[in-house]
Amino acid sequence: MIGFVLGWLLTLFILVMIARMIVDWAVALQARGSWVPKVQRVTYAVTEPVLSPVRKVLPPVRFGGFGLDLAFTVVFIAALVLRSIVS
């Protein structure tokens with residue numbers, strides 16, 4: 001039962017991470033719409049408490065004007081691995 005609940009919560013977290021990635025791309029592409037700031041607030045509120053400590057250890061890597069957030073990648077992969085172990 002605990003494994004099922006943890007697997008479900010990790011799945012929800014992974015979906016929120018994907019939503020954050022899409023919203024970040026929408027902001028970068030200057031998407032218009034009232035949904036962007038609302039979704040951005042929710043996704044950041046859920047994911048930032050997890051990403052922030054990891055980002056302190058793995059800061060974003062800059063390639064000119066492009067930045068690669070290694071913390072996002074590490075947390076996303078860790079959530080996928082944990083979900084596969086728990087489920």
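Taken together, the values in this text are just the output of simple stated rules run on the coordinates, not laboratory data. None of these values were measured; they are calculated from a predicted model. As a convention, Cβ positions derive from the backbone with ideal geometry for all residues, glycine included, and neighbour counts pool all protein chains shown.
Yes/no per residue for (1) in a helix (DSSP H, G or I); (2) crowded, with 16+ Cβ neighbours inside 10 Å; (3) not hydroxyl-bearing (S, T, Y):
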residue	(1), (2), (3)
T11	yes, no, no
M17	yes, yes, yes
I22	yes, no, yes
A31	no, no, yes
Y44	yes, no, no
T73	yes, no, no
A78	yes, no, yes
V81	yes, no, yes
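Restricting attention to segment 46-71, the residues that are outside any helix (DSSP H, G or I) and either more than 16 Å from the chain's Cα centre (by Cα) or on the phi > 0 side of the Ramachandran plot (or both) add up to 6.
Among the residues of segment 52-71, those identified as touching a helix residue (DSSP H, G or I) at 6+ places or on another chain (Cβ under 7 Å) and surrounded by 12 or more Cβ atoms within 10 Å (Cβ to Cβ) are V54, R55, L58, P60, A71.
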